[in-house]
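Written out below as structure tokens is the structure these notes cover.
Please treat every number below as a calculation from the coordinates, not as lab data. Values in this document were obtained by computation on a predicted structure and should not be read as measured data. Here the Cβ is made from the backbone with ideal geometry for all residues, glycine too, and neighbour counts use every protein chain on show.
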Amino acid sequence: MPASFQGRPVLVLEVVRPSTSATTDDLVQLAEQYVQWGADALCVPTDIEASLSGLKDLFVISRATKVPVLAKDWYIHPIQIADAKDAGAAGVLGVIASVSAKGAPIMSSFAAAIGLDAPVEVVNAKEVQALGDLGVSLFGINISVRLSISIPGFATDIAKGVITQLPFGAISLLGVQSLEEAVKGRAAGADALLIKEEMLARHEGPVEELLEQLKYLTSGDD
């Protein structure tokens, strides 16, 4: 996962069915629109709570689009990561330090060995230090229970504190649910932003307009 594009963070958009009646074809169309409108990468939830056909969704979206596609699930065993790769994923989200403290570095290393990015989700500087000592260099900054779960407000100080403790050269992905969170997260040093489905659903205007705002507000230009 690139650290940034042209002085701005990488924008990763979460692709979720807009309704329970939506088909895989509908999801692919949505993914293609996101890419057309400026998404740098996509994220497809593959856990059973999100979709009964998560890996199929991942498979067809990864083949229909020309940007990296990440799979999001609860990853507790390397075979899940291998399955995601077979379905076309360029990376996985859901290797969580607090769930598998000893296993997280192993999972991250396994993913790297088979050519996938696997940010390890962390919630505090202590986890960053421990994982950094073990060679982890790709982090998902998690200030809620998980990147996929919403929280009221934005703990800017927490996010900034975690990001500033990252090892030199490390890359960070921060999940956001508002323009304010995106701007503050980028200012704190986030290299990539996961634009959650909640943010996309709440936005009243076109998603294309939202992406233009995100690019402008997080570009660092005066």
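Using the 10 angstrom Cβ neighbour count as an exposure proxy, how do His77, His203 rank, fewest first? Before the final figure, lay out the partial values.
Values: His77 12, His203 16.
With the fewest neighbours first, His77, His203 line up as His77, His203.
Which aspartates and glutamates does Lys72 reach when only Cα atoms under 18 Å apart count, and residues fewer than 8 places away in its own chain are ignored?
By straight Cα distance, Lys72 reaches Glu14, Asp40, Asp47, Glu49, Asp57, Asp83, Asp86, Asp117, Glu121, Glu197, Glu198.
Pairs of Cα atoms under 8 Å, at least six residues apart: use those to get the relative contact order of the chain, whole percent.
Dividing the mean separation by the residue count of the chain yields 20 percent.
Could you calculate the contour length gain from Trp74 to Glu208, that is, 0.36 nm times the residue separation minus the distance between their Cα atoms, to one decimal place in nm?
My answer for the length gained is 45.3 nm.
For region 39-136, what's the relative contact order in percent, using C-alpha pairs closer than 8 Å and at least 6 residues apart?
Contact order relative to length: 22 percent.
Under the classification rounded if a/c is under 1.5, otherwise prolate if a/b is larger than b/c and oblate if not, where does the chain fall, given a ≥ b ≥ c as square roots of the Cα gyration tensor eigenvalues?
oblate
Which is the longest run of the chain containing none of the GluC sites (Glu not before Pro) found in DSSP loop states (not H, G, I, E, B) with at most 13 other C-beta atoms within 10 Å?
Working: sites that count: Glu49, Glu204.
After excluding every exposed loop site, the longest remaining stretch is 50-203.
When the chain is modelled as a GNM with alpha-carbon springs shorter than 10 Å, which of Ala41, Ala192, Ala113 fluctuates the most?
Among Ala41, Ala192, Ala113, the largest mean-square fluctuation in the Gaussian network model of the chain belongs to Ala113.
Using alpha-carbon pairs under 8 Å, 6+ residues apart, how would you state the relative contact order of region 1-92 in percent? Before the final figure, lay out the partial values.
Values: 133 pairs, mean separation 22.5, N = 92.
That works out to 24 percent.
What is the antiparallel percent of DSSP beta bridges lying wholly in the chain, to the nearest 5?
5
Using a 10 Å cut-off around each Cβ, can you sort Thr218, Thr24, Thr46 from fewest to most neighbouring Cβ atoms?
Fewest to most other Cβ atoms nearby, the residues stand as Thr24, Thr218, Thr46.
So if I place +1 on the C-beta of Lys and Arg and -1 on the C-beta of Asp and Glu, and nothing else carries charge, what would the dipole magnitude of the chain be about its Cα centre? I want it in debye, nearest 20.
Using Cβ point charges on Lys, Arg, Asp and Glu, the chain gives about 500 debye.
Ranked by Cβ crowding within 10 angstrom, fewest neighbours first, how are Arg8, Arg186, Arg202 ordered? All intermediate terms of the calculation are to be shown ahead of the outcome.
Numbers: Arg8 18, Arg186 22, Arg202 11.
Taking fewest neighbouring Cβ atoms as first place, the list is Arg202, Arg8, Arg186.
Among the listed pairs Lys56/Lys126; Lys126/Lys215; Lys102/Lys126; Lys102/Lys215; Lys184/Lys215; Lys56/Lys196, give every one whose C-alpha distance is greater than 25 Å.
Lys56/Lys126; Lys126/Lys215; Lys102/Lys215
GNM on the chain, C-alpha springs below 10 Å: top fluctuator among Phe139, Phe110, Phe168?
Checking each option, the largest mean-square fluctuation is seen for Phe168.
Kindly provide the trypsin sites (Lys or Arg not before Pro) of region 1-100 that DSSP labels as loop, not H, G, I, E or B, and whose Cβ sees at most 10 other Cβ atoms within 10 Å.
Numbers: sites: Lys56, Arg63, Lys66, Lys72, Lys85; in loops: Lys66.
Those that pass, being in a loop and sparsely packed, are Lys66.
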